[in-house]
Structure formats: C-alpha cells, structure tokens
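To start, the structure itself, in structure tokens.
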Amino acid sequence: MKRYLILFLMIATPLWAVQPDEVLPDPVLEARARVVSRELRCLVCRNESIDDSNAELARDLRLLVRERIVAGDSNEQTIAFIVDRYGEYVLLKPKTTGSNLLLWASGPIMLLIAGWIGFAFVRKRRPDAQDLSKAEQARLDKLLSE
Amino acid sequence: MTAEIGHFSLILAFCVAIVQMIIPMIGAQKGWGSWMDIAIPAAITQFMLTALSFAALMYAFAVSDFSLQLVVNNSHSAKPMLYKLTGTWGNHEGSLLLWVLILTLFGSMVAFFGQNLTQALKARVLSIQSAIAVAFLAFLLFTSNPFLRLAFPPLDGQGLNPLLQDAGLAFHPPFLYLGYVGLSMSFSFAVAALIEGQVDAAWARWVRPWTLAAWIFLTIGIALGSWWAYYELGWGGWWFWDPVENASFMPWLIAGALLHSAIVVEKRESLKTWTILLAILAFSFSLIGTFIVRSGVITSVHAFAEDPERGVFILAILAVAIGGSLTLFAARASNLHSKGVFSLVSRESALITNNILLVVAAFVVFVGTVWPLVSEMAFGRKLSVGAPFFDLAFTPFMVVLAMVLPIGAVLPWKRADLKRAIRPLWGVMAVSVALGALVLVVQTGTRMMAPIGLTLATWLVLGALADIGIRVKLGKTSAAESLRRVRNLPRSEFGKMFAHMGLGLMIFGVAAITAWETEDIRIAKPGESFEIKGAWSTYEIRFDGVNSFDGPNYRATQGEFTVLSNGREISVLRPEKRVYTVSGMPTTEAAMDIGITRDVYLVIGDPQDNGGWAVRSYVKPFVNWIWFGATVMALGGVLSLTDRRYRVAAGARRKRRQAVPAE
C-alpha cells in the first residue's frame, strides 16, 4: 500500500505547475515554452509532463526549457538539448526511429489487416457470391448445356 | 471475531466455487440433470458467503479494528465514517474482495433470473463464471488476504490520504468493477457457447443486456474518474492517458464493439464467430487492466519485482483465461455457422466498420500502454509513451468513426441503396459543415481542432435525430401519424439515439476545451483586480482577500475572489489551499463557477514576498459537455437495456425449444 500511496502523492500532489516567476515576459516565447513542456516528462513523476508537475525537478526543467528558448533555440533544438542530457525517457512523444516505428505503425498496420479481413468477409457474404450447392450447380450446368 | 468469520466464509466461498466449477460442467457434458442443477444453489451460496466476508471487512473498517493489518495501513480513526466505509475498497486486498463480490453477484443473478435459459447452457455458464471466481478467490486467499491480524495492534491507523477522501473517487471503483466484472458474463456465455457449439439469436439476446450493463457501468465509472481528476488535481486536466485510465478505457472500447456486433447476431444471425471472439477479448482486456493496475508492472518494472508473487499469480490467471479461451475458440469457432447474407452496402457492413475502428483503436491504446515495457525488455530502450502519442495515434480513429456513424445508423439491413439511404442526411451534413466553417472563420488562429470537432458533433447529434425522423416518416406522412409512430418505436431506438448523441456532445466538449481553453498565471495582491480573456468573453477577477481557518482535520488558507463579467458580479469563488495535519500533505481545492458554456476555474497558490499570492485562473469552454455527453451515452444504454424485447426475451428460446420435439 505504501507504494500506492507514494504513487498517489506523486501524481496528485497538486498545487503548482508553472509558477508566476517562471513565465517569460514575451507571450510568444512563453507559448512555445508551454508547447515544448507538454512533450517532456517529469522524470520523478508518474506519467506527468513537466508542464503539469510541481516537482522540483520539473521546475528546473521548465526553467531550462525557457533558457534555451530565450537563447534562440527552436522547439526541436530545445527538446534535443534536453534529450541529450536526460535520455529518451524524457520524451512523452516517442521518437519515430528504430524499434519505435513498430509502435507508430501499429495502428495503421492493424487497420489495414482488420480492414482487409473485414472486406474479404463482407465480399464472401454478398448474396451473389454465395456458393451454389452441388445439386444447384448440377442443375445450372444442365441448364447451361441445353 | 468478525474478521475470522469473514475469513472463514471466504474460504467456504472458495470451496463452493470449486464445486460449482466442476460438477455442473460434468453434468452438462453427460446430460445429468441433477448435476447441472447444483450450479444454482451453489452460485447463490457463493454470493452470500462472499457478501458476508465483505460485510465483515467493512465492519472492521467501520469500527476501526486496528488488529487487522489492512485497516491499520489504510484507515484512521479520524476519518469521516463515509470514507472509513469506502476505504474498504480503497486498497489492493479490499478492492479485490469487491471484485470477487461483484463476480459472484453476477453469477447469482444468472442463477436467479435465468429460468428461461436451457439447463445445459445455464450450467456451463455458471461453471465458467465459477472458474473465474476460483482463480480470484485463490489469489485473494493465498497472496492478498485482507483478514491478516497483527499481534500488537497500534493505537491508530496510518491511512489518511486526504486526496482519496472524496466522493467522486470513493465511488468510481465500484462502478468500474461492475463494468470490468460485468464483462465476465459475456465471457462465460461465449465460452459456454463454444463448448455447446451453438450460437443463435436467443444467445445474443442473453449476452447483449449483460454487455450493455457492463458498458454502462464502465461509462459512468470512467466519467466519474475523469471528473474527479478535473476538480481535484488542481489544473483542470480531465484525461491523462495514464496506464490506469487506459486499463479501463480498453475494455470500454471493446465492449462498445461487442454491443454492436451482438446486434448483428441477434437480428441477422451473422458475425457469430467474431462476436464470440470480441466477448473473449473484452473480458481479457478487463483482466489485463486488473493486472496493470494491481501489479504495477506498467508504472515501473521494479514495482513488479517488489511483489513478484502477486504479479506472477495474476499473470498465470491471465494466461489460463485468455490462452485457454482463445485455444477453445480456435478449435471450435469453425463450427459456428453464420446464416445471413448481405451486400457491401448494408447495416451489417456498417457495423463491421464500427467494430474494426473500435477494436483497432483499443489495440493502439494497448500497444501504447505496454510499449515502454516491451521496448525496455526487447530493445533495451527505456522510454515513455504519453499523451502526445495517444492524441496523435488514437484520435484519427474516433474522427473516422464519427464521420461514418450517422450514415451507418440509417442503412437498412441486408442490402442498401447508399444514395437513397443518405438522402435525408444531406441537410444535416450541410448544417454541420457550415457550422464548422463558421467557427473556422470566427475563431482567431487556424487550428482545425474546434471546427472539425463542432462539425462532427453536429453531424452526430442531428444525424441521430434524423435517424428517428426517418423512422417515423417525419414530413412524409401526417404529423399525427408520425407521432403515433414515435410512440410505437421500440425503446432501444431511443437508446441508440441518445448514445450516439452523447458521443457527439462529448466530442464537442473535448474539441472545445482543447482548442479554446485560456489560462492566466500571475501574482495578485488582495484588493487588486485582473482580467482573464476567455475565447469569446473577458472576465474581471477581483481578489478580495485571504483568510485562514481550521477544518475538521486540516488547516486551510482560503482566497476570496469575485468574478465579474461586463462589470456585473456573477459569482464569488473561494479556492483553498489545505494542509492535512496528520499527513502534513498539502492539497488545493480549486473553486469553479460552473456553466453550460464555460467554467471559470480558480486556484490559489503560495504567498509571495511582496504580499501577493500566486493565482492561476482558467476559462474552460464547454468542459462540462464531456461528462454530460458521457451521461447521455449511459442514459442511452439504460433505455436500450429496458427495451421490451429483453423483458420478454424470456419466452423466445423456450418456445422454440418446445416447438422442436426432443432430440
């Protein structure tokens, strides 16, 4: 139970995510910082972005993100900067490289398979596609040969 | 003493479950009536024993019996009585006992109300239901016994997590479990049908209400959990794609697919194999969900290693239940012969499309949920899969589903003329697209979220109404005749209408909050006023002051804010910051001005050096439509459940049986 309690403390300690003193004066830069923050994971939390988290580490990361953005980095460069230091684990949106292609492609591939099976099934059940019974076939042959 | 009674009756329930698992099944195979009939009293006894055990545990929580380890860890004498009682299932052991209680409740309901089932089918269903109970009772008794005593009881308990003291959270597990476990009925019926080798319309008429009930409970349970997160966690998020949420979402999606495919079995005697497979899958996802939540394996591999016994036990249950049922399916499914023929454009095809979309969407959620684990074990890549992935990978399926739904809903069975069928919908489509376009023009920025969301929502809501209109020949005949037809429509038609409309309302809420939410973070001093711009209106917020007071078991700092719109006061909000004295844990209580078109959501934070306070305010447009939509969906389910054909479904099968002379 202690484990669940700790988990709950981590997901749920509410209070503050972005604090007033972190907000950048330039609203455009701030908006970009928010977008970037939502894609980065708070490393000590459970499934929370640094934008939502109030952990100390999340705050440090938020400040770092803003620092990079103010320094002139693009969103991608900022994310790359953080990933370089904290690893792939920090990304809430996994990269589309290597084995992760499987993850990203799983939906479309499954849709193709399921769609194909479904289509084949429906085609088979079309009224005119029903197989004739042997007797019917024989009768048909007879009629045709006449 | 009561704890021992609870423990003993749990052991007895386990013994009864073993009997109920074996004897009726043998009876059904051999055709021995008296062996089959044992299932009925056994199921009822099993339920009563489990209920007694649960009552004993609840009593221990109510009187704060700190000689029980579980009570010590999860309760406290200072808790309000309501939360002492709900604390019974606010922990691993107690929640599992509740799980089993609901399982046996469903079993006893089949025993009690199932007079019109054939003797053999009933015996088999109850036997399989009991097999699940055996597995979980064993799990409970051998790895998670809730009735363990302590040699030296402490003076007071340790469990007083203030966040969990909330009605929304306290009541959402029972709903979720009613849903999860309700799907065990569909599973038992599916496996029994595979053993019997027979699936017919009467079978579907039996399975559908159970699935529908489970789906309704899941809908309510998920909505309650989401609503709780919204008002309690302090920033108004309502869905996080957390593994625990996904665990309940996957069975919901599959149950939705199952509901629709069972219609095809019932009305057209087609899609039998697929429906059986879905019934197995739906419960499998429930089990997987239980596994995810209970073993903690997804949260971190280490959590699993901390407590391998439990994890391995559930994994074994999973393997036997899923593996066994799928093997049986593979062996027997080809014996099930579907009858109906239908063309490419037909209600049947539309429902197959629905099934494909829902199942693939559930599959995506599943892959995303387990990917961190798979990736670490198979590829050595430690990574996270969070909301941005699911938003991208899951949403398209729902968009397509919403696009085809109103068309599929009006197609006739067997063979349809697409042009003719959708003729009445052109107007609806035009209105929907026009509304979306209007939003696109009016809104600032070019994000497509809101326009698409509004178009789909209108399309779904008006489409559902149009469907009823078509059915009653609105405009094609006299108003009086249409009205007469409305009265004669089966209730399930209105169920369908509400469920589909609910989906539309929910989509609109989701799109609106995602596109139009506005936020303001600032330091404000008492006496100051500030403005927050909503998507279409501006609110002035006046910070009137802060006071402190003591609650029953916490200290609170409460801000007072007046919300004004165009200089007119619309409400006074009092967000709080609490520190619970026993745990020292801080929480926020957000304050909301709830409205149909928007919520104004205020949170107060820490005091600042300059005498100001950190204040966060949001305008959340149409956010309540999300839960309102879910409620409307559930209401649709209830309407459908009370349809006349389920109430009279009774006679159907028996009559047919009688008509055919004995084998």
>> Within a 10 angstrom radius of the beta carbon, how do B:Cys15, A:Cys42 rank from fewest other beta carbons to most?
In response: B:Cys15, A:Cys42
>> Distances longer than 43 Å among the Cα atoms of the protein assembly as shown: what percent of all pairs is that?
In response: 35 percent
> Roughly how big is the protein assembly as shown's charge dipole about its Cα centre, with Cβ charges of +1 (Lys, Arg) and -1 (Asp, Glu), in debye to the nearest 20?
Replying inline: 3980 debye
> Quick one: if the Förster radius is 56 Å, what FRET efficiency do B:Glu528 and B:Lys267 give, using the C-beta to C-beta distance and rounding to 0.05?
Replying inline: 0.30
> Relative to the present Cα-Cα distance, how much length would full extension add between B:Ile11 and B:Asn488 at 0.36 nm per residue of separation?
Replying inline: 166.6 nm
> Counting alpha carbon pairs within less than 8 Å and at least 6 residues apart, what relative contact order, in whole percent, applies to chain B?
Replying inline: 11 percent
>> List the pairs from B:Lys533/B:Lys577; A:Lys124/B:Lys414; B:Lys30/B:Lys122; B:Lys414/B:Lys496; B:Lys339/B:Lys419; B:Lys30/B:Lys267 whose alpha-carbon separation is above 23 Å, in the order I gave them.
In response: B:Lys533/B:Lys577; B:Lys339/B:Lys419; B:Lys30/B:Lys267
> How much net charge surrounds B:Gly534 when only the other residues with a Cβ under 14 Å from the Cβ of B:Gly534 are counted, with Lys and Arg +1 and Asp and Glu -1?
Replying inline: -4
> With each run of n ≥ 4 DSSP H residues scored as -39500 (n - 2.57), what mean residue ellipticity at 222 nm is computed for chain B after dividing by its residue count and rounding to the nearest 500 deg cm²/dmol?
Replying inline: -21500 deg cm²/dmol
> Shielding of A:35-46 by partners, i.e. mean partner chain Cβ atoms within 10 Å per residue?
Replying inline: 2
> Between region B:328-349 and region A:51-93, what is the C-alpha centre distance in whole Å?
Replying inline: 52 Å
>> Using a 7 Å offset from the Cα along the Cα-to-Cβ direction at both A:Leu29 and B:Trp536, what is the distance between the two label points in nm, to one decimal?
In response: 3.5 nm
> Taking every pair of alpha-carbon atoms in chain B, what share in percent sits in each 10 Å bin, from 0 to the bin with the longest distance?
Replying inline: 3, 13, 22, 24, 20, 12, 5, 1, 0, 0
>> At 0.36 nm per residue, and after removing the present C-alpha to C-alpha distance, how many nm does the segment from B:Arg420 to B:Ala316 gain when stretched out fully?
In response: 32.1 nm
> Amide H neighbours of B:Arg598 under 5 Å, counting only residues 5+ apart in sequence or on other chains, H built in-plane at 1.01 Å?
Replying inline: B:Phe622
> From largest to smallest, what semi-axes in whole angstrom does region B:10-152 give when each is the square root of 5 times an eigenvalue of its alpha carbon gyration tensor?
Replying inline: 34, 14, 10
> What is the set of long-range amide H partners of B:Asp544 at a cut-off below 5 Å, with H atoms built 1.01 Å from backbone N?
Replying inline: B:Gly527, B:Glu560, B:Phe561, B:Thr562
> region B:471-516 to region B:160-235: how many Å between their Cα centroids?
Replying inline: 25 Å
> Among residues other than B:Ser325 whose Cβ falls under 14 Å from its Cβ, what is the net charge (Lys/Arg +1, Asp/Glu -1)?
Replying inline: +2
>> Residue by residue through region B:561-566, what is 3J(HN,Hα) from phi via Karplus (6.51 cos²θ - 1.76 cosθ + 1.60, θ = phi - 60°)? Round to whole Hz and write x for glycine and proline.
In response: 10, 10, 9, 10, 10, 6
> Using the Karplus equation 6.51 cos²θ - 1.76 cosθ + 1.60 (θ = phi - 60°), what ³J(HN,Hα) coupling, rounded to whole Hz, does each residue of region B:601-610 give in order, writing x for Gly and Pro?
Replying inline: 10, 10, 10, 9, x, 7, x, 10, 4, 7
> B:Thr477: net charge of surrounding residues, Cβ under 10 Å, Lys/Arg +1, Asp/Glu -1, itself excluded?
Replying inline: +3
> Each label point is 7 Å from the Cα along the Cα-to-Cβ direction; what then is the distance between the points at B:Met448 and B:Ser67, in nm?
Replying inline: 6.8 nm
> Going toward the positive end of the dipole of the protein assembly as shown, with +1 on Lys and Arg Cβ and -1 on Asp and Glu Cβ, which of B:Ser375, B:Phe113, B:Gly545 do you reach last?
Replying inline: B:Phe113
> Tell me, in nm to one decimal, what length is gained between B:Arg555 and B:Ile594 on full extension, where the rule is 0.36 nm per residue of separation less the Cα-Cα distance?
Replying inline: 11.5 nm
> Residues with amide H under 5 Å of A:Cys42's amide H, sequence separation 5 or more or different chain, H placed in the peptide plane at 1.01 Å from N; which?
Replying inline: A:Glu48, A:Ser49, A:Ile50
> In sequence order, what are the phi-derived ³J(HN,Hα) couplings for region B:131-145 according to the Karplus relation 6.51 cos²θ - 1.76 cosθ + 1.60 with θ = phi - 60°, rounded to whole Hz, with x for glycine and proline?
Replying inline: 4, 5, 4, 4, 4, 6, 5, 5, 4, 5, 6, 8, 10, 9, 5
> Using a 4.7 Å Cβ cut-off, which Cys residues in the protein assembly as shown lack a partner cysteine?
Replying inline: B:Cys15
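Each reported figure results from applying straightforward, stated rules to the coordinates on display, with no laboratory input. Because the structure is predicted, anything quoted here is derived from the model rather than measured. Ideal geometry is used to build each Cβ from the backbone, glycine not excepted, and the neighbour counts take in all protein chains shown.
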